[in-house]
Amino acid sequence: MITGIVNTNREAIIRLVATGPSGQQQETEAIIDTGFTGFLTLPPALIQTLDLPWLCRQPGVLADGSIELFDVYTVTIIWDGQPRTIEVEAADTDPLVGMSLLDRHSLHIDVLPGGRLS
(Lines give C-alpha, C1' and ligand atoms only; values in the text may rest on other atoms or scores of the structure.)
Protein backbone atom coordinates (compact mmCIF):
# COMPACT_ATOMS: atom_id res chain seq x y z
CA MET A 1 0.00 0.00 0.00
CA ILE A 2 1.18 3.47 -0.87
CA THR A 3 0.59 6.08 1.82
CA GLY A 4 1.03 9.82 2.04
CA ILE A 5 -0.27 12.95 3.71
CA VAL A 6 -2.26 16.07 2.92
CA ASN A 7 -0.22 19.23 3.40
CA THR A 8 -1.44 22.63 4.60
CA ASN A 9 -2.27 23.61 0.99
CA ARG A 10 -4.64 20.59 0.79
CA GLU A 11 -2.29 18.81 -1.64
CA ALA A 12 -2.16 15.02 -1.40
CA ILE A 13 1.54 14.11 -1.29
CA ILE A 14 3.33 10.77 -1.68
CA ARG A 15 7.03 9.93 -1.66
CA LEU A 16 8.56 8.20 -4.67
CA VAL A 17 11.98 6.74 -5.36
CA ALA A 18 13.06 7.29 -8.98
CA THR A 19 15.92 5.24 -10.43
CA GLY A 20 18.00 6.15 -13.47
CA PRO A 21 19.47 3.65 -15.94
CA SER A 22 22.82 3.52 -14.11
CA GLY A 23 21.13 2.71 -10.81
CA GLN A 24 21.33 6.20 -9.29
CA GLN A 25 18.30 6.90 -7.09
CA GLN A 26 16.50 10.04 -5.97
CA GLU A 27 13.65 10.26 -3.49
CA THR A 28 11.08 12.97 -4.21
CA GLU A 29 7.65 14.08 -3.07
CA ALA A 30 4.90 14.17 -5.69
CA ILE A 31 1.41 15.67 -5.66
CA ILE A 32 -1.55 13.51 -6.67
CA ASP A 33 -3.20 15.30 -9.61
CA THR A 34 -6.48 13.68 -10.68
CA GLY A 35 -6.73 16.11 -13.60
CA PHE A 36 -3.46 14.81 -15.09
CA THR A 37 -4.02 11.75 -17.27
CA GLY A 38 -0.34 10.84 -17.70
CA PHE A 39 1.88 8.86 -15.34
CA LEU A 40 4.32 11.28 -13.70
CA THR A 41 6.01 14.63 -14.19
CA LEU A 42 9.46 15.47 -12.91
CA PRO A 43 11.47 18.69 -13.11
CA PRO A 44 14.05 18.77 -15.92
CA ALA A 45 16.90 19.14 -13.39
CA LEU A 46 15.94 15.84 -11.71
CA ILE A 47 15.59 14.12 -15.10
CA GLN A 48 19.08 15.35 -15.98
CA THR A 49 20.51 14.26 -12.61
CA LEU A 50 19.15 10.73 -13.13
CA ASP A 51 20.26 10.78 -16.81
CA LEU A 52 16.90 9.38 -17.90
CA PRO A 53 16.60 8.12 -21.48
CA TRP A 54 14.58 10.37 -23.81
CA LEU A 55 11.59 8.66 -25.43
CA CYS A 56 9.75 11.30 -27.50
CA ARG A 57 8.12 14.71 -27.52
CA GLN A 58 4.34 14.86 -27.27
CA PRO A 59 1.61 17.44 -26.76
CA GLY A 60 -0.25 17.79 -23.49
CA VAL A 61 -3.35 19.78 -22.59
CA LEU A 62 -2.91 22.01 -19.54
CA ALA A 63 -5.61 22.88 -17.00
CA ASP A 64 -6.34 26.16 -18.81
CA GLY A 65 -6.97 24.29 -22.08
CA SER A 66 -3.72 25.36 -23.74
CA ILE A 67 -1.52 22.80 -25.46
CA GLU A 68 2.19 22.49 -24.69
CA LEU A 69 4.86 20.11 -25.97
CA PHE A 70 6.57 17.95 -23.34
CA ASP A 71 9.73 15.89 -23.56
CA VAL A 72 8.97 12.35 -22.42
CA TYR A 73 11.51 10.04 -20.78
CA THR A 74 11.41 6.64 -19.09
CA VAL A 75 12.10 6.10 -15.41
CA THR A 76 11.86 3.23 -12.99
CA ILE A 77 10.09 3.99 -9.73
CA ILE A 78 9.28 1.90 -6.70
CA TRP A 79 5.50 1.59 -6.84
CA ASP A 80 3.62 -0.37 -4.20
CA GLY A 81 6.92 -1.99 -3.20
CA GLN A 82 7.82 -3.12 -6.73
CA PRO A 83 9.97 -1.56 -9.47
CA ARG A 84 7.85 -0.19 -12.31
CA THR A 85 9.14 1.45 -15.50
CA ILE A 86 6.90 4.28 -16.70
CA GLU A 87 6.84 7.38 -18.89
CA VAL A 88 7.70 10.67 -17.21
CA GLU A 89 7.11 14.12 -18.66
CA ALA A 90 9.56 16.94 -18.04
CA ALA A 91 7.71 19.88 -16.48
CA ASP A 92 8.89 22.96 -14.59
CA THR A 93 6.60 22.29 -11.64
CA ASP A 94 6.44 20.16 -8.53
CA PRO A 95 6.38 16.46 -9.44
CA LEU A 96 2.84 15.27 -10.23
CA VAL A 97 1.37 11.77 -10.09
CA GLY A 98 -1.30 11.29 -12.74
CA MET A 99 -4.22 8.95 -13.25
CA SER A 100 -2.29 6.54 -15.49
CA LEU A 101 0.01 5.73 -12.57
CA LEU A 102 -2.98 5.33 -10.25
CA ASP A 103 -4.79 3.02 -12.71
CA ARG A 104 -6.12 -0.13 -10.98
CA HIS A 105 -5.45 1.32 -7.53
CA SER A 106 -7.84 2.66 -4.92
CA LEU A 107 -7.30 6.18 -3.61
CA HIS A 108 -8.58 7.45 -0.27
CA ILE A 109 -7.75 10.95 0.97
CA ASP A 110 -8.67 12.54 4.30
CA VAL A 111 -8.72 16.13 3.05
CA LEU A 112 -7.48 18.13 6.02
CA PRO A 113 -3.98 19.30 6.94
CA GLY A 114 -2.02 16.26 8.05
CA GLY A 115 -4.76 13.98 6.71
CA ARG A 116 -3.86 10.48 5.53
CA LEU A 117 -3.65 9.35 1.95
CA SER A 118 -3.83 5.64 1.09
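Dividing the convex hull volume of the alpha-carbon atoms in segment 38-80 by its residue count gives 88 Å³ per residue. Helical runs (DSSP H, four residues minimum) scored at -39500 (n - 2.57) apiece and divided by the length of the chain put the mean residue ellipticity at 222 nm at -2000 deg cm²/dmol.
In a Debye calculation with equal point scatterers on the alpha-carbon sites of segment 3-43 and no solvent, what is log10 I(q)/I(0) at q = 0.14, 0.23, 0.33 Å⁻¹? Log-scaled intensity ratios, in q order: -0.38, -0.86, -1.18. Summed over the residues of segment 1-110 and divided among them, the accessible surface reaches 59 Å² per residue at a probe radius of 1.4 Å.
Here the chain was treated as a single set of alpha-carbon atoms; its pair distances binned every 5 Å from 0 give 2, 11, 22, 25, 19, 14, 6, 1 percent.
Between GLN82 and THR49, the C-beta separation translates, for a Förster distance of 25 Å, into a calculated FRET efficiency of about 0.60.
Mean separation of Cα pairs under 8 Å and 6 or more residues apart, divided by the residue count, gives the chain a relative contact order of 36 percent.
Amide H contacts of TRP79: ARG84, each under 5 Å away and 5 or more positions distant or on a separate chain (H built 1.01 Å from N in the peptide plane; Pro and chain starts excluded). Counting only protein heavy atoms and a probe of 1.4 Å, the accessible surface of the chain is 49% carbon and sulfur. Ignoring the sites themselves, the chain has its longest run without trypsin sites (Lys or Arg not before Pro) in a DSSP loop having at most 14 other Cβ atoms within 10 Å at 11-103. Restrict the search to segment 16-116; then list the GluC sites (Glu not before Pro) that DSSP places in a loop and that have at most 16 other Cβ atoms within 10 Å of their Cβ. Here no loop site has a sparse enough neighbourhood.
The values are calculated or read from the model by the stated rules, or taken from the named source; none is laboratory data. Keep in mind it's a predicted model, so treat the numbers as computed, not measured. FYI the Cβ positions are ideal-geometry reconstructions off the backbone, even for glycines, and counts take in every protein chain you see. For accessibility, only protein heavy atoms count, side chains too; no ligands or nucleic acids. Shrake-Rupley method; radii C 1.70, N 1.55, O 1.52, S 1.80 Å.
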